[in-house]
1. Among DSSP bridges having both ends in the chain, what percentage is antiparallel? Round to the nearest 5.
2. Ignoring ligands, DNA and RNA, what percent of the 1.4 Å accessible area of the chain is carbon and sulfur?
3. For labels at GLU97 and GLU214 in the simple 7 Å Cα→Cβ model, what's the distance in nm?
4. Dipole magnitude of the chain about its Cα centre, charges +1 at Lys/Arg Cβ and -1 at Asp/Glu Cβ only, in debye to the nearest 20?
5. May I ask you to list the trypsin sites (Lys or Arg not before Pro) in segment 300-393 that are in a DSSP loop and have at most 12 other Cβ atoms within 10 Å of their Cβ?
6. ALA170: net charge of surrounding residues, Cβ under 13 Å, Lys/Arg +1, Asp/Glu -1, itself excluded?
7. Please say if segment 1-131 is rounded, prolate or oblate, where rounded means a/c under 1.5 for a ≥ b ≥ c the square roots of the C-alpha gyration tensor eigenvalues, and otherwise the choice is prolate for a/b larger than b/c and oblate otherwise?
8. For a Förster distance of 45 Å, can you work out the FRET efficiency between the beta-carbons of LEU321 and GLN54, rounded to the nearest 0.05?
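The values are calculated or read from the model by the stated rules, or taken from the named source; none is laboratory data. Keep in mind it's a predicted model, so treat the numbers as computed, not measured. FYI the Cβ positions are ideal-geometry reconstructions off the backbone, even for glycines, and counts take in every protein chain you see. The area values use the complete protein model at the heavy-atom level, side chains included, leaving out ligands, DNA and RNA. Shrake-Rupley method; radii C 1.70, N 1.55, O 1.52, S 1.80 Å.
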Amino acid sequence: MKAVVWHGTRDVRTEEVPDPRLEQPGDVLLRVTSSGLCGSDLHLYEVLAPFMSQGDILGHEPMGVVEETGAGVTSLRRGDRVVVPFQISCGRCAMCEAGLQTQCETTRVEEQGMGARIYGYSSLYGSVPGAQAEYLRVPRADDNALKVPDEGPDDRYVYLSDVLPTAWQAVRYADVPEGGSVAVLGLGPIGDMCCRVALHLGAEQVFGVDPVPERRARAQARGAQVFDSSGSEDPIEMIRERTGGRGPDAVIDAVGMEADGHGPVRLAQKVVNMLPKGAAASLMESAGVDRLSALYTAVDLVRRGGTVSLVGVYGGMADPLPMMTLFDKQIQLRMGQANVRHWAPEILPLLDGSDPLGVEDFATHHLGLDEAAHAYSMFQKKEEGAVKVLFRP
């Protein structure tokens, strides 16, 4: 089959690889019909190279059709249309029963001290073959594949794999009061969807901050008030003016560690990637540093007694936090990868013909797997209006 394969920093290729096969009774084999390119995939493209191996298959946002089922699968059959959450969970442990599938005690990557296994996301999360491919093995399928209706385009449902539950959790964690206000830092796919979800859930004021004009325009068209973080005007002061001088009730950091670094951090990433793989991974695990400007902005901007919700991925182990300010302002800080199955029942009813979140025209690009190298480069460089890319195997 064809798959998108990692070969090194900024080096992804579309290659022929062996077809996956059923390995356990609970597996299904999925024929992938759509698979997203996520902002966190860019971390593998650049920042997290020490945890990658040549030949790793990328991608964690798939949907498709069940082609084959293992003997132990009871809820799925050949021909079912399903979306696959990005993390693999058991559905039965204490963490899963608490709605924390990302902390699954059965699939956790204990040797790395990390949470539940993730498709196509480095040795940190189990080196599981990814979903930017023609076929995907789905383990524990009864607990990990979400059946969706046969009718309707893929674009209506594919975001259940990651984008929708990630944005939904970010807004729920932000704890925006009815009629309240929230600022979203970063208007990539997740930040854009956070704005839409916040408005849908009743926020009266939603502010979006991003340096890219096309991304600001998308959020503004859906009702957000947008600000240019690269201009001469200060978005923090402008947002404060519109919130009675206090700042918004909540701030969502949808930036996290930047996929191509910045300044000294960018230099440190380059140095790490020049080291032997084992040494580089050890250094990243013990002394990795992120660019924290978005987090500092969130802490500065949020009103006293407000909430900061971190949805952008951070990877550093030596990041200095503004603890004095967090304590003094009495800020609630919430974060974590999305627990997809926990939020899916709330989201699925919205994916009907009325399309209140605008999912059917959310993607900016639909590309074949053969165009993966261009897609990654374009997305990282924010060229050609790229916000959300869907591969169509």
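1. If we restrict to bridges inside the chain, about 55 percent are antiparallel.
2. Ligands and nucleic acids excluded, carbon and sulfur give 50 percent.
3. If labels sit at GLU97 and GLU214, their model points lie 4.8 nm apart.
4. Taking the Cα centre of the chain as origin, the dipole is about 440 debye.
5. Here the trypsin sites (Lys or Arg not before Pro) that fit, given the DSSP loop and packing criteria, are ARG304.
6. Summing Lys and Arg as +1 and Asp and Glu as -1 gives -1.
7. Oblate, because a/c is 1.5 or more while a/b does not exceed b/c.
8. 0.80
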